[in-house]
Every structure is written in C-alpha cells, then in structure tokens.
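The values are calculated or read from the model by the stated rules, or taken from the named source; none is laboratory data. Bear in mind that the values here come from a model prediction, so they are computed numbers and not experimental data. Here Cβ is always computed from backbone atoms with ideal geometry, including for glycine, and neighbour counts include all displayed protein chains. Quick note on the areas: whole protein, heavy atoms, side chains included, nothing else; ligands and nucleic acids left out. Shrake-Rupley method; radii C 1.70, N 1.55, O 1.52, S 1.80 Å.
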Amino acid sequence: MTLYSAIKVVIITEKMIAKGICNIIEQEGASGYTIMAAGGKGSHGVRNISDRAAVIDDFSDVRIEVIVTDKERAKSIMKKVAEAYFNEYAGITYLDEVEVLRLSKF
Amino acid sequence: MEFIVDFLTRLLMQFQTPTLAFLIGGMLIAAVGSNLKIPNAVYQFIVFFLLMKIGLKGGIEIREANFNEMFLPALFSIIVGISIVIAGTLVFSLLSSVKREDGIATAGLFGAVSASSLAAAMVLLEEESIHFEAWVPALYPFMDIPALILAIVLANLHRQRQEGSGKKEIKVWPIVKDSLQGSALSALLLGIVLGLFAKPESILHSFYEPMFRGFLSVLMLVMGMEAYARLAELRRVAHWFAVYAFFAPIIHGLFAFGLGYLAHVWVGFSAGGVILFSVIAASNSDISGPPTLRAGIPSANPSSYIGSSTSIGTPVAIVICIPLFIALGQQVFSV
C-alpha cells in the first residue's frame, strides 16, 4: 500500500460564513471539503457544541477541512479566507501534513 | 392614579399566566445552573409551528378582509420600523463610548420584530377576550424588513464615509431575500398563502389551535433560559446598551400605540389590533434578525445587539410591554 503526502488545511470559524469559505475553496480548485460542528474556547469566549436550543443557530462554529496536493494551493486558500473574513469574523486556520491513500481523490 | 393601580394589579396577574410564568421560570432555572435542556430541534419546530398557526389564521381571515383597512396599518408599520432605526441611531451617536456600527445594529434589531413576543401577545389578548383582526400579525414583515434594510444601509454609509472609499452600491434585494428566507418569516408567509388559497380550517382547528399555547409555554422557557445565558455577554459591552434595551421597547410601543389610535379613528382599526401593533413595535428581533445583521454589518459586535435584545429587550417587551399596552388599551378604548 502506497501513501502519498498531501496538505490538509483546517479552518475553524463561524457557521454563517461557511458557505463563502467553501466557495473560495472550490475556486482554488480543491475537489472537496469536510464540514463539522465545532466548539471550544478562544478569543471570542466559549462556544458550545451542545444540542441545547440556541435562539440563533447561525452563530455556532464549524470546522472545515480540505486536503490539497500542493502547499502553495493550501497557502493560497488560507490567505484568501483570512483576507475575506477574519477581520470581521472569528476564525483560525492552520495546515497539517498528511498522508492519503488515493491521490486521485484530491 | 387609578390607572397605575389598575396597571399594577394587571401586571401581577399577568405574571401568573403561563406565558410570562414560563419565561420567568426559564430565567430562574438558568440562574440556578440547571442542566435542563430543550433540544435545538424542538425549539426550531416550535417556532415553525407557532408562525404556521398565526399565518394560517391570518390567511383565512385576509380572504374576507377589506384591503383598505389593512393599508394604513401596513403603512404605519413601515413608518414605525424606519423611525425606530433613525431614533436609535441618533441616540447611540450621542454616546461617545459606543461604536457607531454597534449602535446602528442594535437600533436595527429593535426596529425588527420578534415572533415570540408576537405569539405571546396574541395569547394574552385571547385570554382577556380582546378581539383583534387576524391579519395584524401579517404586519410583521412590513416593520421588520425596512428596519433591517435601513440599519444595514446606514452602517455601510457610515463605513464608506470613514474609510473615504468610493461609493459602493449597497444591494437591497439580498437583504430582503435573506429576511424572507429566514425560518420565522418563511413559516408565517407559507401559512398565509395556505390560508388564503387552500382550505386548512380542519387542521387549524384540530391541530394548530389546540397545541398553540402549550408549545408557546415551551418557547417562553427557552427564551427565558437564553435571556439569562446572554446576560454575561451584555456585561462585556457598554452599559448604555442595557439602558437602551430597557427603555426602547416601551417608547417604541407607545409611539406605535399613538399611530394605531389614529388608524382606529380613521379606518376603524380594532382596539386589540392597536395593542398588538404596539407590541410588534415594542418587540425586537431574536430569531431571524441577528444573522441578517451579522451578515450585513459584520463590523458590529454581535454581543452588543444580541445581548441587548435577547437578555433585556425581549423580556421587557413580553413582561412589561404586553401588560402595559393591554391595560392602556382597556383604558383608552374601554374594552
């Protein structure tokens, strides 16, 4: 079994702007992404992931992961997302080196 | 003097009604740190249910309504929504400690309308057997949407002036679309359309009407718990927001009561209609307004406007304004 190295970009941010971020990811040519509910603590205080009724569901957080094959594309996604949203919305982004099985999926 | 005594007795009695009791109960149970949870899905369903019932009933009645009667209250709704945002923006601009965008966003939220306050007012009016036209709740979007649009436009104009950047066009249609697509308004409008064009009387009487009050009590519990939970956020922003959130609903409601009285004299707007119209004006958006504002005025701090609205504005609108305007209506119109 051969594994190929790839780059995973992780973006943890507000659910409201997830759609816009996914647009950027697609414009950058990534073939897919994963979105999941996120919560925790940061400079904007504690964000819950409990299923307790929140009057405003759109203000919860998400974690978006996208895997690309080259680092330049990964950096470009991070830069564009940060420029477009992180002045006004809560968010962090980092990248990780990963190994994937079927390179053609990315 | 008699009016004050009458009002205070009424206020005390209102606290015992399930609507207010559940709201206060929700705050208490959150304050003692209880782990009681109402799942988010249940809450979302209840919002849909309540607005569907209000919409169905309104739609059925609009079939027979005279459009001339509805025109003036609808026009007044737009005027109230716009005036609240202008007045609020002016008030906050006098306070140097308040960031301009935060003030505009808060004024926008208070000009917008809360579905939960509206539903609570309808139940309390029914309990007092005060009649109102079933189309009055349909005034909701006429006040809500202009207020949100104006707030977003004002905030963007302010920003352009500050940055000195060239005129960027503000697109109004996406804001309208965003508001109409929000969960609360979608359910209300769908209900109205179904009431107008279908014959939903049987499910209205067998399902929506019998369960309305019960579901409202659960919604009130959620609102109470959320109000307490958001107080911590409000403490982090300027205290002026708390002062505004307390007085603004009362002043907005009184202003609308005056306009409603004119409509009563001119086109025979019912006493219950005037009261409900005042509560719509007093209420401040808690479900669909905040995401629209967050998207339209991203530079404003959400803690300021959501804290003001959810933890002070909505409880004031429900606990103080509804009994106040019912008492006032009973005095003025002797119903």
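Annotations for the structure displayed:
- One residue stands out among those in the range B:286-311 that are of a type outside the set (Val, Ile, Thr), within 13 Å of the chain's Cα centre (by Cα) and within 7 Å of another protein chain (Cβ to nearest Cβ): the one that is farthest from residue B:226 (Cα to Cα), which is B:290.
- All told, residue B:232 meets the bar of being touching a strand residue (DSSP E or B) at 6+ places or on another chain (Cβ under 9 Å), assigned to a helix (DSSP H, G or I) and modelled with pLDDT under 95.
- Residue in the range B:199-214 that is out of contact with any strand residue (DSSP E or B) (no Cβ under 9 Å at 6 or more places or on another chain), in a helix (DSSP H, G or I) and within 14 Å of another protein chain (Cβ to nearest Cβ) present: no
- Screening B:287, B:251, B:275 for residues that are closer than 20 Å to residue B:122 by Cβ, open to solvent by 10 Å² or more (accessible area, probe 1.4 Å) and among the hydrophobic types (A, V, I, L, M, F, W, C) leaves exactly one candidate, B:287.
- Scanning the range B:86-115 for residues that are closer than 30 Å to residue B:188 by Cβ and among the polar types (S, T, N, Q) returns B:89, B:106, B:114.
- First in the range B:179-192 and in contact (Cβ under 8 Å) with a residue 60 or more places away in the chain, second anywhere and acidic (Asp, Glu), Cβ under 8 Å, 6 or more apart: B:179/B:144; B:185/B:144
- Considering the range A:16-72, and only residues there that are at pLDDT below 90 and of a type in the set (Ser, Thr, Tyr), the residue that is nearest to residue B:221 (Cα to Cα) turns out to be A:50.
- Note on the range B:152-178: among residues that are of a type in the set (Gly, Ala, Ser) and free of Cβ contacts under 8 Å to residues at least 40 places away in the same chain, the one that is surrounded by the most Cβ atoms within 10 Å (Cβ to Cβ) is B:165.
- Residue within the range B:156-171 that is touching a helix residue (DSSP H, G or I) at 6+ places or on another chain (Cβ under 6 Å), over 24 Å from residue B:215 (Cβ atoms) and not in a loop (DSSP other than H, G, I, E, B) present: yes
- Positions within the range A:73-106 being open to solvent by 90 Å² or more (accessible area, probe 1.4 Å), charged (D, E, K, R) and more than 14 Å from chain B (Cβ to nearest Cβ), in sequence order: A:75, A:79, A:80, A:97, A:99, A:102, A:105
- Residue B:12 vs. criteria of a type in the set (A, V, I, L, M) and modelled with pLDDT under 90: yes
- Lone qualifier among B:221, B:196 - being within 14 Å of another protein chain (Cβ to nearest Cβ), among the aliphatic types (A, V, I, L, M), in a helix (DSSP H, G or I) and open to solvent by 20 Å² or more (accessible area, probe 1.4 Å): B:221
- Whichever residue in the range B:124-140 is in a loop (DSSP other than H, G, I, E, B) and touching a helix residue (DSSP H, G or I) at 6+ places or on another chain (Cβ under 8 Å) and, among such residues, is most open to solvent (accessible area, probe 1.4 Å): B:131
- Residue within the range B:30-47 that is within 30 Å of residue B:201 (Cβ to Cβ), open to solvent by less than 20 Å² (accessible area, probe 1.4 Å), touching a Ser or Thr at 6+ places or on another chain (Cβ under 7 Å) and outside any helix (DSSP H, G or I) present: no
- Residue match in the range B:262-272 (condition: of a type in the set (S, T, N, Q) and assigned to a helix (DSSP H, G or I)): no
- Some residue of the range B:15-27 being open to solvent by 20 Å² or more (accessible area, probe 1.4 Å), farther than 29 Å from residue B:328 by Cα, within 14 Å of chain A (Cβ to nearest Cβ) and touching a residue at least 12 places away in the same chain (Cβ under 8 Å): no
- Flag if residue B:227 is within 24 Å of residue B:30 (Cβ to Cβ) and touching a helix residue (DSSP H, G or I) at 6+ places or on another chain (Cβ under 7 Å): yes
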